[in-house]
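Engineer: Following this message is one structure expressed as structure tokens.
The values are calculated or read from the model by the stated rules, or taken from the named source; none is laboratory data. Since the structure is predicted, the reported quantities are computational estimates derived from the model, not experimental observations. For neighbour counting, all protein chains shown are included, and Cβ atoms are generated from backbone atoms with ideal geometry for every residue, glycine included.
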Amino acid sequence: MDQDKLIKSLLERRLATRAQIDECVREAEEIRRGGAANIPLEEVLIAHDYVGREQIDAITGGSPTEGAVSAAPPPVQLAPLDDDRTIAYPAPDETPAPSPPEPVDISEQRTAIAKPPAHDDIPPVVRVSMQEPMNHFGKYIRIQQVGRGSLGSVWKCWDSESRRYVALKMLRENRKSPEIESLLGEARRTSKLNHPNIARVLEAGTRGSGQFEIQHYIALEYVEGSTLEEARIKGMPIRRAAEIARDMARAVDAAHAEGILHRDLKPRNVLLAEDGHVKVADFGLARLVDLDPMAAAELSRTGRIIGTPAYMPPEQAVGRTHDFSARSDVYSVGATLYFLLTGRPPFEGKSHFEVCFKVVREELPPPTSVNREVPADLERILMRAMAKDPLRRYDSARALADDLDRYLTGAPIVSDDELLFTRGIAALNGGRLEEAVHMFRDLMVMENVRGSGGAVVGGRDAVLRKLGEGEEGLRLAIERQTKNYDIRTQRGIIRFARAVISSFDRVDPREDCKNALDDFGRACELRGESSAARVNRANLLLFSGRFQRDKGKDITPIFKMALDDLSAAVRYDETHSAAFHNRGIVHFYMGMEAGKAKADPREHFFKAIDDFTVAAQLEPTYAYVFKDLGVVKMALAKHMLANGERPRDILEQAVEHLTRAIKLQSRLQGAYFERGMALFALKRFAEAISDWTRCIDLDPTKRKLVEPYLNEARAKLAARGGS
């Protein structure tokens, strides 16, 4: 039968797709060019399991097809053109008549494949694999399968062009889709990463044509060795675990410098070469790693969770996409170190949902609870890297690597005090105004505190000097890149921080606020649908409004502008917890203003409660949002009491929220004060006294405010007989 008729019959009977047939025609052509005898097209199709022999025999009657790719033509001659170009064509009078092909023993040649010209550098195992058509995938010769994961299979292959082994990841998905295109694009983007601790992406692409039955692949540097998961089975010294985590962090930092997050760091994605080198693999390839639909639906407002549950940070587990940052990968490096030190993941469960719930809600068991040999400094580094609140982690993978290096060399590791400045800046940039204010206030009294390197950690002069140096550097950067959103935002944050510090000394911060507002306004213009830009501008308006309110000015117009920005931020990103939290704060303040004006504040209070509740669901480890839930319910309870209502349920809810805030952050003095007020209203006087005493211990400046309440509670308790 003619080969064209065979192809037509296969397509009409839908026994093979056009892409499969084209692939086999090309492969037969490659065999011919290699100098081997012709193999009929149907034999290549059968070798690939695209069709069965019975199906072929039903079409051909058992006879091999004719018109298959013929023997190789003779070499061509080159003829010069008038414009000095060269084209190839056979000389007409010298072209020999085609000779019939040699008979082929199908039973022997069915799986044979042409050998390329002999090269001494081709390993014997590759030569053997070359004999099997199924092992050929473009320029790659498949040697053996070395792994299988959620995306597909991984093969050790020989690259016949570069003459080296590669790891070929063949994706399970065999059709074109936006997700696959995004994944391959991300893989190509990561090919620029060149670091000794990164397994490089060499290329990414697709073989085949059409919409279906195609093969997507990613070729990576092949590392002879084992994964960390495999290496840990044999046991691992503590020092070696710290060295591996340090090298991982260095690799991750190099990727972050190129704007690339990993998103799925775990022991299985880190390779340990036979020479001891650490190689982090699969950068940017976590986009298609899904949980089961039930877990995803319950844990992600966006419907998709990226990463491996046991090693993912809480913000990833609940789908807060705006919070995916370098700190997310820092958490996963810490989680991998936890596994190396203890031999088990940080959190375990019977399902993805259970693991994610623990990641988000439960305290991390210290590694010493599993392995008592873990040194205190190393445990402190790990616990800091794996803090549930991103703000309390190392701000970069480089900072984590440097601290691990200090541990390994016996130098003092970084103290929490040394991290306070960068945390304050990060809090401000994350829309956490109240927390940032507390951090900067703490920094002001640290004139005599020195860090591990001997430099002064805090004090007003030291902090303002850092801010000034940062602003000057950003000013020069803005002169070169006037339309850079990130640089504008960073300068706005620094100016905002200076305004906050000025307010501590009762200095009018309006000039710094105006300058910061200019930067945030420009950032909003540069990135119109950025939730972060809107939150930053709204937060500045909130700060400015509160300062003006303290001077007795009407701040309603300012709060309305902030409300517009925050509502826009929520529209742009429904997972932006800070947008909901700060919008709740605006509603709360507007309710308080309504109360002063003798209007009913309930509508504003209920809106605040709704926004705080969403923020708490999105960020269940953030103490301040639970504190604010308690505060607004206390305000609502007071209004109800004033109107002769019984708000016992509301008071008990307030106590519950404030207790959670204190559990999350034990030094949150405002939560102790508000819980004391709720407990007093519930006539639980002894508990109220305890909370107010703790409030004064944490902030002695509150003594004048708190002592009248303390005295009244003591009197009530004494009248009751001390019970």
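Engineer: Could you say which residue among 391, 382 is buried (at least 19 other Cβ atoms within 10 Å of the Cβ), over 16 Å from the mean Cα position of the chain (by Cα) and assigned to a helix (DSSP H, G or I)?
Structural biologist: After applying the criteria, what remains is 382.
Engineer: Those residues that are in contact with a Leu (Cβ under 7 Å, 6 or more places away or on another chain) and not in a loop (DSSP other than H, G, I, E, B), I need them from region 445-485; list them, please.
Structural biologist: 463, 485
Engineer: Further question on the same structure: Report, ordered by the first and then the second residue, all pairs with beta carbons closer than 6 Å, sequence separation of six or more or different chains, a first member in region 400-412 that is in contact (Cβ under 8 Å) with a residue 40 or more places away in the chain, and a second member that is in a loop (DSSP other than H, G, I, E, B) and surrounded by 16 or more Cβ atoms within 10 Å (Cβ to Cβ).
Structural biologist: Hits for this filter: 400/394; 406/413; 407/413.
Engineer: Could you check residue 539 against (1) within 25 Å of the chain's Cα centre (by Cα); (2) buried (at least 22 other Cβ atoms within 10 Å of the Cβ); (3) of a type outside the set (A, V, I, L, M, F, W, C) and say which number it fails?
Structural biologist: It is condition (1) that residue 539 fails.
Engineer: Could you please let me know if residue 325 is of a type in the set (S, T, N, Q), under 14 Å from the mean Cα position of the chain (by Cα) and surrounded by 23 or more Cβ atoms within 10 Å (Cβ to Cβ)?
Structural biologist: Considered against the rule, which asks whether it is of a type in the set (S, T, N, Q), under 14 Å from the mean Cα position of the chain (by Cα) and surrounded by 23 or more Cβ atoms within 10 Å (Cβ to Cβ), residue 325 comes out as no.
Engineer: To continue, here is another question. Need the failing condition index for residue 157 against (1) surrounded by fewer than 19 Cβ atoms within 10 Å (Cβ to Cβ); (2) part of a strand (DSSP E or B); (3) not small (Gly, Ala, Ser), just the number.
Structural biologist: Going through (1) surrounded by fewer than 19 Cβ atoms within 10 Å (Cβ to Cβ); (2) part of a strand (DSSP E or B); (3) not small (Gly, Ala, Ser) one by one, residue 157 breaks only (1).
Engineer: Next question, about the same structure. Can you tell me how many residues within region 121-154 are of a type in the set (Val, Ile, Thr), in a strand (DSSP E or B) and closer than 24 Å to residue 44 by Cα?
Structural biologist: Residues flagged as of a type in the set (Val, Ile, Thr), in a strand (DSSP E or B) and closer than 24 Å to residue 44 by Cα within region 121-154 amount to 3.
Engineer: Further, regarding this structure: Quickly run through region 173-185 and pick out the residues that are among the basic types (Lys, Arg) and loosely packed, with under 13 Cβ neighbours inside 10 Å.
Structural biologist: Residue satisfying the conditions is 175 alone.
Engineer: For residue 399, which of the numbered conditions (1) within 17 Å of residue 309 (Cα to Cα); (2) within 20 Å of the chain's Cα centre (by Cα); (3) of a type outside the set (Phe, Trp, Tyr) fails to hold?
Structural biologist: So the condition that residue 399 fails would be (1).
Engineer: Name every residue in region 648-683 that is surrounded by fewer than 21 Cβ atoms within 10 Å (Cβ to Cβ), closer than 24 Å to residue 600 by Cα and not aliphatic (A, V, I, L, M), in order of residue number.
Structural biologist: 648, 649, 652, 653
Engineer: In region 201-210, which residue that is surrounded by fewer than 20 Cβ atoms within 10 Å (Cβ to Cβ), of a type outside the set (Ser, Thr, Tyr) and in contact with a helix residue (DSSP H, G or I) (Cβ under 9 Å, 6 or more places away or on another chain) is modelled with the lowest pLDDT?
Structural biologist: The residue in question is 210.
Engineer: For region 127-154, give me the residue count where each residue is buried (at least 18 other Cβ atoms within 10 Å of the Cβ), among the hydrophobic types (A, V, I, L, M, F, W, C) and over 14 Å from residue 217 (Cα atoms).
Structural biologist: Qualifying residue count for the region: 2.
Quick grid of which residues meet (1) on the phi < 0 side of the Ramachandran plot; (2) touching a Lys or Arg at 6+ places or on another chain (Cβ under 8 Å); (3) touching a residue at least 40 places away in the same chain (Cβ under 8 Å):
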residue: 223; (1), (2), (3): yes, yes, yes
residue: 228; (1), (2), (3): yes, yes, yes
residue: 245; (1), (2), (3): yes, no, yes
residue: 249; (1), (2), (3): yes, yes, yes
residue: 255; (1), (2), (3): yes, no, yes
residue: 259; (1), (2), (3): no, no, no
residue: 263; (1), (2), (3): no, yes, yes
residue: 270; (1), (2), (3): yes, yes, yes
residue: 281; (1), (2), (3): yes, no, yes
